[in-house]
Ligand SMILES: [Zn+2]
């Protein structure tokens, strides 16, 4: 059989461009609409922008890769499905999706302080109603729409340092911004810093935090955890109530974005989502400048480097016995870690849920199919059953963005 013909015109996708946007630009180079390109050139039924950008049929993505000469992973990365398991655990909702995504880490509050909700059909960052959101300056230079503008993951454009805004229409033909051009609220530096980190996670696969860099998968979950902590019902805060109030005072928005009853972040109006993102940015800034003491087990990721002591030139004295007792030695810390790991491994041998959590945790570091295979081999050696793998989506390599 003759291989499908390579299309002569196919504009290169921009970094993190959505599939619907790239397809529309490709179709317009032939004077067509994207549904006409799908029907006439590929014999495929029309798909809405939302269907194209979420989880389109795999054979369509393979066909587009062949027609344009793009790498398959590059085409997949233009869809949300291409971001499993880094941004989403899976695109199939499960009863424990919220708990797995939002409750494994903790920042402001001690672990287990928050109530675990089980919202129906919940997926992190995704709402049922698609919101059109973009950077005015980016869209003035061309009708390229980024996949991540659809998600309430960032509130600003790191390239232009301006807020993302909601609009109606199709940028290629007609666009109506919902707020006037001169109605831009000030962009706090803390929000710029937060969005810059999220952008780094999206484009490089990791984020530089004060003490170390973390995998993008950890960053997205850390941010979502913080948003949950900042909107948790007031009665759950206990002794941290005043601290959380200080965060809201610092960012200048009403406590808990004035929520009267709990709702997942994803279903809130964009105005409230922006307030929560600004509060998360303020909390991170306050943790890093040591003006907020927090109780979460993952908060150390945001702690600043210890300050170098100011000396008068005399050499530092040797540690006394009392000083040594204050800080555990590296050997003691390592013993604690191995004890905890041994306990987890023993539990994972009999409990598939723990086995899956352990596997998900360990595979954050796996950036290739080869290292993922190595991880499966290690689990087999440790006699941890891998039955849960057959029920979850097979791992794809990290989406490839420029
Ligand atoms: Zn921009």
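The values are calculated or read from the model by the stated rules, or taken from the named source; none is laboratory data. For clarity, every value in this text was computed on a predicted model and none was experimentally measured. Every residue, glycine among them, receives a Cβ derived from its backbone with ideal geometry; neighbour counts consider all protein chains shown.
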Exercise for the section: Would you check if there is a residue in the stretch 28-45 being buried (at least 17 other Cβ atoms within 10 Å of the Cβ) and touching a residue at least 40 places away in the same chain (Cβ under 8 Å)? Expected result: yes
I'd like to know if the stretch 176-186 contains one or more residues that are at pLDDT below 95, assigned to a helix (DSSP H, G or I), within 16 Å of the ligand (Cβ to nearest atom) and more than 25 Å from residue 360 (Cβ to Cβ).
no
Picked from the stretch 113-148 (must be within 11 Å of the ligand (Cβ to nearest atom) and in contact (Cβ under 8 Å) with a residue 40 or more places away in the chain), the residue surrounded by the most Cβ atoms within 10 Å (Cβ to Cβ) is 146
Of those in the stretch 158-175 that are farther than 18 Å from residue 253 by Cβ and in a loop (DSSP other than H, G, I, E, B), the residue farthest from the ligand (Cβ to nearest atom) is 173
Residues in the stretch 84-107 that are touching a helix residue (DSSP H, G or I) at 6+ places or on another chain (Cβ under 8 Å) and part of a helix (DSSP H, G or I) total 3
